[in-house]
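Trainee: Okay, handing you the structure first.
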Amino acid sequence: MDTREEILQILEQKGSVLQKDLWKELKIDSSKCSRILRKLEKEGLIRRVEVVVDGVKTFKIVPAGAEEEEEEEEELNLMAIMEKMEDLAGLPPCFGCLEVDCETNRCIKMEVWFLRRATVD
């Protein structure tokens, strides 16, 4: 079995995998893995989705048919990152809010943020 087939088999079993975990599992160097993945992506067999894991930018490899699920997961990751930034920097939830029609005086997230700040101080 060649490396391309191994990659597709791993994706079939796992659904998705981080690129760094993939090249380690296959015991190949990262540049060879990147070249193979770019070819598979050009052929429409996979997607490489940029993600942040533990503060480091990397790629998650997903089968081409898993696009809708991945987009939803990416949005959740963005929300988790924004929440972490709010916690670390003490920024209000409006800083990264994606809600267009939000009224701050009726925002539950803002109310929770104020309550947290009041109990910490």
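Trainee: Quick one: check the C-alpha center-to-center distance for the stretch 1-15 versus the stretch 44-67, whole angstrom.
Mentor: Measuring centre to centre over Cα atoms gives 15 Å.
Trainee: Any idea what log10 I(q)/I(0) is at q = 0.27 Å⁻¹ for the stretch 11-61, Debye with uniform C-alpha scatterers and no solvent?
Mentor: The Debye formula, applied to the Cα set alone, gives -1.19.
Trainee: If each of residue 35 and residue 58 carries a label point 7 Å out from its Cα toward its Cβ, how far apart are those two points in nm?
Mentor: According to this spin-label approximation, the distance is 2.3 nm.
Trainee: Right, here's the next one. Using a simple spin-label model with points 7 Å from Cα along the Cα→Cβ vector, what separation in nm is obtained for residue 48 and residue 118?
Mentor: Result for the modelled spin labels: 5.0 nm.
Trainee: Still on this structure, I have one more. Counting Lys and Arg as +1 and Asp and Glu as -1, each charge on the Cβ, what is the dipole of the stretch 3-66 about the Cα centre in debye, to the nearest 20? Present the calculation step by step, with values, prior to reporting the outcome.
Mentor: Details: 14 positive and 10 negative charges, 47 e Å.
Computed charge dipole of the stretch 3-66: roughly 220 debye.
Since every read-out is calculated from the coordinates, none of them should be taken as a lab result. Bear in mind that the values here come from a model prediction, so they are computed numbers and not experimental data. We place every Cβ from the backbone using ideal geometry, glycine too, and count neighbours over all the protein chains shown.
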